[in-house]
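Beneath this line is the structure, given in structure tokens, with notes to follow.
The values are calculated or read from the model by the stated rules, or taken from the named source; none is laboratory data. Fair warning: this is a prediction, and the values are worked out from it, not measured in the lab. Methodologically, a virtual Cβ is constructed for each residue, glycine included, from the backbone with ideal geometry; neighbour enumeration extends over all protein chains shown. Ligands, DNA and RNA are excluded from the accessible area calculation, which covers all protein heavy atoms including side chains. Shrake-Rupley method; radii C 1.70, N 1.55, O 1.52, S 1.80 Å.
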Number of protein chains: 2
Amino acid sequence: MYRSHTCGELRETHINQEVTLSGWVQKVRDKGFMVWVDLRDRYGITQLIFDEERTPKQMMETAENLGREFVIQVKGSVIERESKNNNIPTGNIEVLVSEITILNKSKTPPFTIENETDGGDDLRMKYRYLDIRRNPVKESLIFRHKVSIEVRNYLSTQGFIEVETPYLIKSTPEGARDFVVPSRMNEGQFYALPQSPQTFKQLLMVGGMDKYFQIVKCFRDEDLRADRQPEFTQIDCEMAFVEQEDILNVFEGLTRHLLKNIKDVEIGDFPRMTYDEAMRKYGNDKPDIRFGMEFGELNEVAQHKDFKIFNQAELVVGIAVPGAASYTRKQIDALTDWVKRPQVGALGMVYVKCNEDGTFKSSVDKFYDQDDLKKWAEVTGAQAGDLICVLSGPANKTRTQLSALRMELAERLGLRKADEYAPLWVVDFPLLEWDEETERYHAMHHPFTSPKTEDIKLLDTDPGKVRANAYDLVLNGNEIGGGSIRIYDKDLQALMFKHLGFTEEEAKAQFGFLMDAFQYGAPPHGGLAFGFDRLVAILGGQETIRDFIAFPKNNAGRDVMIDAPSKIDDEQLKELNIKLEI
Amino acid sequence: MYRSHTCGELRETHINQEVTLSGWVQKVRDKGFMVWVDLRDRYGITQLIFDEERTPKQMMETAENLGREFVIQVKGSVIERESKNNNIPTGNIEVLVSEITILNKSKTPPFTIENETDGGDDLRMKYRYLDIRRNPVKESLIFRHKVSIEVRNYLSTQGFIEVETPYLIKSTPEGARDFVVPSRMNEGQFYALPQSPQTFKQLLMVGGMDKYFQIVKCFRDEDLRADRQPEFTQIDCEMAFVEQEDILNVFEGLTRHLLKNIKDVEIGDFPRMTYDEAMRKYGNDKPDIRFGMEFGELNEVAQHKDFKIFNQAELVVGIAVPGAASYTRKQIDALTDWVKRPQVGALGMVYVKCNEDGTFKSSVDKFYDQDDLKKWAEVTGAQAGDLICVLSGPANKTRTQLSALRMELAERLGLRKADEYAPLWVVDFPLLEWDEETERYHAMHHPFTSPKTEDIKLLDTDPGKVRANAYDLVLNGNEIGGGSIRIYDKDLQALMFKHLGFTEEEAKAQFGFLMDAFQYGAPPHGGLAFGFDRLVAILGGQETIRDFIAFPKNNAGRDVMIDAPSKIDDEQLKELNIKLEI
């Protein structure tokens, strides 16, 4: 038996007990006549004590020579600590060691195993197994486990069945790029790894499974952006005999359950907003509504003077930045520079200071008088002391730019509070989106999303205006989930494929099995998927997902710890009937 | 709203309520003046009634023309049924329909959607989404879900953390063949899909995670045998600071919990048996101990006469088949033929009938007298009325043959009862096994399994005799799990690699990251993995796993429903820098 207790367990009630502990040496403090060792395991830290009077000489020496991260086992008795440590639960006791065994030595670790480490990202990733020993990473992984247990038990209680769908499936060119797997037994053929279990969950609905979920790995071979991973985890769900309202209610319930049980935050009904409204008010289909700064459209009150830039713009739009009237010229110039960065791309910024005395001072005083500016303040909701920032240009672009500015300022002003949670449903997404590159419409979600019945007639005349039965769940400015009511009628599905530019043959080759299935009594159905990595990160009060994944890959898709991907044997290639072509 | 209740929900207490149901048409019985429709969903079947007197003519016609598997929605009132059906929970009521909507028509399904179907395996697999509508398949998938929830909650309560390990990892030639995934971003390099998360779970132990588990898909590119799948699911576990005893206790607890909560079967301490004993007593490292028929070794009592076949054999061994003394000559000849089939490979079989009157009649009466045969009966534990079957030859081969005969006879005699559960730990597996083909020793489990300390000295002199700290959990003659205490010392690990024929360079290239990790304070650790598909099947009282997997592949590794694997675009191949070579 390696231990009678963990390193997080002993309290004053254990005093005088003989115990056995095992763990890692966190720290050794050697006062000569006395040696203290902090012993660490997953559960906490317990102080060990060796002293000249009570400890044999040889054991003193062993203790003095312990290195950081040595693995040891000790036996000893629990005694009261002279100077108590209120920062840790075991701080009232220590263990007077009577026996010590070094189970394994350790080289000096390449970075400190502390909450704040001196290791950079690259080093931490290479030695991820050491990084995981650090509390922030370890606790994030434990937190992830807790969330997954809550999700599974909640959905299970609601009658959902977790069904494992296959990982070795079929490649379809629609959507992102697939990872493929050459088949040795089927010469010249490939499996694909799933980008999501979309078609399988629909087939489960056709199969009468009624309520399905799965916490499942998905794969996308995309050029990685920051904070994206080639393999990621989804909470994937589907329900039969439901309308949009049923789905929103179930997953609002799940999210409320998680917030209550994990964060002790009670939230009532989630607000809903159409995609159009979100774009108009926040320039963003995943607005952070923890704070205001809603967009005010200024065309009516700003295009009546001689200011050409505004007069020629499709949209003039501003936000009121709370308390920022006091910004210096230099600060405002810096803001202007910020929106002019290529990542944002505005051509300039107009500002209005709303002075405490009710007067206004703007960068366009040459064109607009106090009455004009007062109207701008009304439209943007600016109060005395606020700063109005105004951008102009093509409507969509300008909204995106102002949204970026809004988020940046909120971050700087501390309005994006990690302990505040503001969920929001964004509904009525467009069915199709225009792709400049291929000059055709693509499905905004996927080709199985159903159009709103009343909009189907627009498919021929004004496809961009067709709304879908599609919805996203947004939490604190992050899309954490999205889904739709699916098409379950084979004729409507065929019509959709046509509008997405599939020939009948292409549709049949790629989705024939789904079209076939729809001929045998498909029920109305719909569902959604939550991005689990992000959901966990946000619930954990963070916005980057990396520390909530045990072994993440870097931005080149590499696992630097195990050094994957890597070359494989010629023998293996030959068996797979493939050849490198470099 | 598509339904107010499910089709399994209505009882007498609902009589006179107006309800809305949706589901599939299971059956239409048309008496002319009356039409009954069985409406089915995941939850059950409810009878709908339409009759001349109370139903409008047009609706009668709609009802009469409903086809099997049409998806319909009905409104109506719950009424008491005249002739009640005690076989289904809703059998006391029916719904008098006032409104009917056909939500989706269905072609006639290619096989009947009944508990016993007329569809063969191939058809069922091609239309798996219809097969899933059948109760036996649907219930198996729901059962699987229940087991997974129990496993997760039990392990979670025991302090285990579920950690997701990566799917895109590194190929290692040891073990079975890997599926590989070409990397587009890392030219000429490949990921591999994990055969198990073995190294990652060991790294999690090095990382201080202490108790890990995961229900996880694993992949092996093997030539498929019956009832094997290229992707399969494991309950994977690992613990730090443990000895073999700790691990056996935890997973005995899990198995006991599952048997109690899922099958309402209470089982005390699981028996344990060494590998050697299992082989000697049952000729099998996964013996079914629900019934006796233990091997009796007859060398001492059968090699003293002139029967050359026995005298020259390394082993003479028999079993007592209960009540089989009454077998006719023809039946016994058939048994002899059975053991002589190439799949078993015995050269012949000797039998002894233990007559009810205490006398014996054998096929070798020419060589052995009644006293001899009485001793055989004593050694094999045969009673009056039993038949002793004796095989002889090289020890290992003969044991395997007799084991096959034992299992076959138990099956025929109905001794392998589906509702009886007999778990068993088999311990002290050999560390190494001799491979005839490559003429060297291979790791019986994997290269990280620790040898028993007292046997390490035999590594040089008698490697085949070295026992490992390795154990299997056997349930009803099936191995449902196995594991070992791992090596955590880098020197011992290096020694093992040497004995397995790895050069230092090979070991470093393939497992360098693990060897590196072991230098930074690896704790003693060990674990095990349960084959989840098989565990669920056995708990479900079956021995084939296929119906406990939603979308299984066939023996050629194909998913015949979606037709995968399949060809991919030249464009895709080019991006991946590979070329077919056929």
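The translational diffusion coefficient of the stretch B:441-582, from Stokes-Einstein at 37 °C and 0.692 mPa s with a Kirkwood hydrodynamic radius over alpha carbon pairs, comes to 171 µm²/s. Convex hull of alpha carbon positions in the stretch A:491-569: directionally averaged projected area 10.4 nm². Per residue, the average separation of C-alpha pairs within less than 8 Å and at least 6 apart gives the stretch A:291-416 a relative contact order of 36 percent.
Provide the FRET efficiency to the nearest 0.05 for the B:Asn478-A:Ser363 pair, computing r from the beta carbons and using R0 = 60 Å. Walk me through the intermediate numbers first.
Working: r = 79 Å, r/R0 = 1.31.
About 0.15, to the nearest 0.05.
Between copies, the label points at B:Asn135 (set 7 angstrom from Cα along Cα-to-Cβ) are spaced 5.7 nm, reported in nanometres from shortest to longest.
For the residue pairs A:Lys308/A:Lys366; B:Lys361/B:Lys397; A:Lys452/A:Lys498, the alpha carbons lie more than 19 Å apart in B:Lys361/B:Lys397. Copy-to-copy label distances for A:Glu505, where each label lies 7 Å from Cα along Cα-to-Cβ, are 5.2 nm in order of increasing length. Farthest toward the positive end of the dipole of the stretch B:291-416, out of B:Pro322, B:Cys354, B:Leu415, is the Cα of B:Leu415, where the dipole comes from beta carbon charges about the Cα centre.
Per residue, the protein assembly as shown exposes 42 Å² of solvent-accessible protein surface, assessed with a 1.4 angstrom probe and all protein chains in place.
Quick check on the stretch B:309-384: take the gyration tensor over C-alpha atoms, sort the square-rooted eigenvalues as a ≥ b ≥ c, and tell me if it's rounded (a/c under 1.5), prolate or oblate. Don't skip to the end; give the middle numbers.
Working: a/c = 1.83, a/b = 1.26, b/c = 1.45.
Oblate.
Ellipsoid fit via the Cα gyration tensor, the stretch A:12-104: semi-axes of 18, 15, 13 Å, each the root of five times an eigenvalue, largest first. For the residue pairs B:Lys217/B:Lys553; B:Lys211/B:Lys286; A:Lys126/B:Lys508; B:Lys353/B:Lys374, the alpha carbons lie more than 18 Å apart in B:Lys211/B:Lys286. Only Cα pairs under 8 Å and 6+ residues apart enter the sum, and on that basis the relative contact order of chain A stands at 13 percent.
To the nearest 0.05, what FRET efficiency results for A:Arg272 and A:Leu495 with a Förster distance of 35 Å applied to their C-beta separation?
Working: r = 28 Å, r/R0 = 0.81.
With a Förster radius of 35 Å, E is 0.80.
Can you give me the C-alpha center-to-center distance between the stretch B:508-573 and the stretch B:303-322, rounded to a whole angstrom? Taking the Cα centre of each part, the stretch B:508-573 and the stretch B:303-322 sit 44 Å apart.
Roughly speaking, what is the centre-to-centre gap between the stretch A:71-147 and the stretch A:344-405 when only Cα atoms are used, to the nearest Å? That distance is 53 Å.
Partner shielding of B:64-72 amounts to 2, given as the average count of beta-carbon atoms from other chains within 10 Å of each residue beta-carbon. Counting charges near B:Lys553 (Lys, Arg +1; Asp, Glu -1) among other residues having Cβ under 10 Å from its Cβ returns a value of +1.
If I take every Cα pair under 8 Å that is 6 or more residues apart in the stretch B:12-104, average their sequence separation and divide by the length, what percent do I get for the relative contact order? The partial results should precede the final answer.
Numbers: 194 pairs, mean separation 30.8, N = 93.
Averaging sequence separation for qualifying contacts and normalising by length gives 33 percent for the stretch B:12-104.
Multiplying each eigenvalue of the alpha-carbon gyration tensor of the stretch A:362-423 by 5 and taking the square root yields semi-axes of 26, 16, 10 Å, largest first, rounded to whole angstroms. Note on B:190-196: average number of Cβ atoms from other chains within 10 Å of each residue's Cβ is 5.
What is the protein assembly as shown by shape, rounded, prolate or oblate, if you read a ≥ b ≥ c off the alpha carbon gyration tensor as root eigenvalues and call it rounded for a/c under 1.5, prolate for a/b larger than b/c, and oblate otherwise? Write down the numbers at each step before the final one.
Values: a/c = 2.09, a/b = 1.31, b/c = 1.60.
Verdict is oblate for the protein assembly as shown.
Put simply, chains B and A cover up around 11300 Å² of each other's accessible surface, both sides summed, when a 1.4 Å probe is used.
For B:Gly414, the label point sits 7 Å beyond Cα toward Cβ; its separations from the matching points on the remaining copies run 7.9 nm, from shortest to longest.
When the inverse distances between all different Cα atoms of the stretch B:283-344 are averaged and flipped, the Kirkwood radius reads 14.0 angstrom.
In terms of the mean number of neighbouring beta-carbon atoms within 10 Å, the peptides B:84-93, B:181-190, B:538-547, A:161-170 order highest first as A:161-170, B:181-190, B:538-547, B:84-93.
One way to sum up the overall shape of the stretch A:63-133 is the equivalent ellipsoid from its Cα gyration tensor, whose semi-axes run 28, 18, 9 Å, largest first.
Within the accessible area of the stretch B:12-104, what % is carbon and sulfur when the probe is 1.4 Å and the other protein chains stay in place?
Values: 1980 of 4530 Å².
Here it works out to 44 percent.
Per the Debye calculation on chain B with a single equal scatterer at every Cα and no solvent contribution, log₁₀ I(q)/I(0) for q = 0.06 Å⁻¹ amounts to -0.46. Other protein chain C-beta atoms within 10 Å of residue C-beta, averaged over B:123-132: 5.
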